[in-house]
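Report on one structure; see the data block that follows.
Since every read-out is calculated from the coordinates, none of them should be taken as a lab result. Quick caveat, the model's predicted, so the values are computed rather than measured. Glycine also receives a Cβ, built like all others from the backbone with ideal geometry; neighbour counts cover every protein chain displayed.
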C-alpha cells in the first residue's frame, strides 16, 4: 500500500519535512517514490506547499495520506476534511 506522509529533513532540533509518496512498509526517512511538497512547522505561520495536482493524482491511484498530512491538505483546501473519529467510551 502507498502512503502520502512526511519525511523529516533538516538539522538536529530544527525539523523540516518533505511530503512524499512511499511504500507503507518503508522507514520514515527511507526510500520514497516522489516528492510532492514541503512542510515547515517552525515558521510563523507554518509553511505548507504541495503540488495539489500530483497529490490528487496519487490519491486517485490509491495512495492514502497519513492523519497529519490529511489534516494539512484539508487546511490548505486540496482535499475535503473528514470528520474526526470519536474516541471509544
In the list [x] 135; [y] 120; [z] 152, the entry giving volume of the Cα convex hull per residue in Å³ computed from the coordinates is [x]
Summing -39500 (n - 2.57) over every DSSP H run of at least 4 in the chain, dividing by its residue total and rounding to the nearest 500, the 222 nm mean residue ellipticity is -5500 deg cm²/dmol
In this structure, the FRET efficiency calculated for residue 29 and residue 49 from their beta-carbon separation, with R0 = 30 Å, to the nearest 0.05, is 0.90
Within the set 73, 56, 36, GNM on the chain using Cα springs under 10 Å gives the largest fluctuation to 56
GNM on the chain, Cα springs under 10 Å; top mean-square fluctuation among 71, 28, 42 goes to 42
